[in-house]
Amino acid sequence: MNILDETFTLNTGATIPKIGFGTWQIPNGEEAYNSTLTALQNGYRHIDTALVYGNEASVGKAIRDSGINRSELFITTKLPAEIKDASKVQDAFETSMINLDLEYVDLYLVHAPWPWAERGADYRKENGEVWAEMEAIYKTGRAKAIGVSNFVVSDLEALFETAEVIPAVNQIRYFIGNTQSDTVGTANAKGILTEAYSPLATGALLDNEEIIAIADKYDKTVAQISLRFVLQNDLLPLPKSTNEARIIQNTDLNFEISAEDMDYLNSLAIDL
Ligand code: A2P
């Protein structure tokens with residue numbers, strides 16, 4: 001089966017296409033519009049954006065112009081990491097919905113457990129309050145699922161103490177050599193799907209000698225090995241590209257990495 005037709009099932013019961021098109025760092029305007037449309041025309045049905053990417057308007061326009069039935073698409077956007085005042089959550093969501101010009105999103109994520117300028121700071125109390133607002137959005141049906149991003153074990157465990165709705169997803173930075181197994185294990189135990197952003201380490205894996213050797217063995221590219229690795233660990237990769245050939249290549253994943261080579265790749269520590 002083509003990987004583009006395969007899905008994971010979320011803890012809401014909804015299905016989610018196993019490959020998502022990542023749009024981080026794709027500028028609003030022609031670039032975001034063209035690359036999103038190209039992805040959709042080449043079979044992607046899952047698009048990941050965020051308010052802070054600044055490209056929701058172009059992504060939304062590409063989605064509408066694609067002519068693909070909305071029910072066949074899975075669209076994710078995110079609440080800015082800076083918003084830790086619960087009274088500001090609804091406004092941010094409305095802004096995203098206006099930008100995207102869609103009636104609903106399939107998944108709405110808290111972008112990070114702390115504002116980016118305060119990485120690692122303790123916002124557990126505020127995250128609990130913000131999460132209650134996320135639950136309110138979920139209950140309106142305008143976000144079909146809600147989740148988090150960049151949460152580690154302590155952030156997840158704090159959220160579980162007050163959450164009524166368990167997150168459907170935790171989206172984390174994940175690639176060969178950086179697999180955050182504690183965080184993934186905590187999510188798995190609660191039925192939370194982990195999504196992998198920067199599955200190519202924003203390109204930094206491409207000249208890694210160990211991965212090149214494996215890629216040569218399978219006659220695949222490093223990108224393809226990196227994406228198969230994520231899938232075979234039962235995570236959902238979100239590759240990003242603005243180039244049509246690479247957008248297509250990143251879905252040409254109909255091969256299997258052996259258990260032995262998976263063990264080897266899982267044992268690598270890649271310090272970037
Ligand atoms: P480009 O947009 O020019 O294709 P990540 O998904 O980890 O964020 O990585 C994205 C980076 O990797 C971008 O610089 C993108 O460049 C590049 N990239 C994406 N797919 C491939 C591929 N199949 N081969 C080589 N580079 C790729």
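The values are calculated or read from the model by the stated rules, or taken from the named source; none is laboratory data. Computed from a predicted structure; not experimentally measured. Heads up, the Cβs are rebuilt from the backbone with ideal geometry, glycines too, and the neighbour counts pull from every protein chain shown. Surface areas here come from the heavy atoms of the whole protein model, side chains and all, with no ligands, DNA or RNA. Shrake-Rupley method; radii C 1.70, N 1.55, O 1.52, S 1.80 Å.
Here are a few things to note about the model shown:
- Qualifying residue in the range 123-144 (condition: in a strand (DSSP E or B), under 21 Å from Thr12 (Cα atoms) and touching a strand residue (DSSP E or B) at 6+ places or on another chain (Cβ under 9 Å)): yes
- When each of Glu195, Glu260 is tested for being acidic (Asp, Glu) and touching a strand residue (DSSP E or B) at 6+ places or on another chain (Cβ under 8 Å), the lone residue that passes is Glu195.
- Inter-residue pairs, beta-carbon under 7 Å, first of a type in the set (D, E, K, R) and in the range 109-130, second open to solvent by less than 40 Å² (accessible area, probe 1.4 Å), 6+ apart: Arg124/Asp155; Arg124/Ala158; Glu126/Lys84; Glu129/Ala86
- Candidates Ser58, Ser66 - the one that is open to solvent by less than 50 Å² (accessible area, probe 1.4 Å), modelled with pLDDT of 95 or more, farther than 23 Å from Ser198 by Cβ and not hydrophobic (A, V, I, L, M, F, W, C): Ser66
- Being of a type outside the set (S, T, N, Q) and either surrounded by fewer than 14 Cβ atoms within 10 Å (Cβ to Cβ) or part of a helix (DSSP H, G or I) (or both) is true of Asp271.
- For the range 162-257, the helices (runs of 4 or more DSSP H) that sit wholly inside it and include 1 or more residues that are open to solvent by 10 Å² or more (accessible area, probe 1.4 Å) and near the ligand (Cβ under 8 Å from one of its atoms) are 222-232, 244-249.
- Candidates Ala50, Ala14, filtered to the one that is within 16 Å of the ligand (Cβ to nearest atom), open to solvent by less than 60 Å² (accessible area, probe 1.4 Å), at pLDDT 95 or above and touching a strand residue (DSSP E or B) at 6+ places or on another chain (Cβ under 9 Å): Ala50
- Among residues of the range 227-241 that are free of Cβ contacts under 8 Å to residues at least 60 places away in the same chain, those with a Cβ under 8 angstrom from a residue that is among the aliphatic types (A, V, I, L, M) and part of a helix (DSSP H, G or I), sequence gap 6+ or separate chain, pair up as Phe229/Met262; Phe229/Leu265; Gln232/Met262; Asn233/Val184; Asn233/Met262.
- Between Gly54, Gly29, the distinction of being small (Gly, Ala, Ser), farther than 30 Å from Ile166 by Cα and over 15 Å from the mean Cα position of the chain (by Cα) belongs to Gly29 only.
- Some residue of the range 136-149 being under 17 Å from the mean Cα position of the chain (by Cα), within 20 Å of Val184 (Cβ to Cβ), surrounded by 15 or more Cβ atoms within 10 Å (Cβ to Cβ) and of a type in the set (Lys, Arg): no
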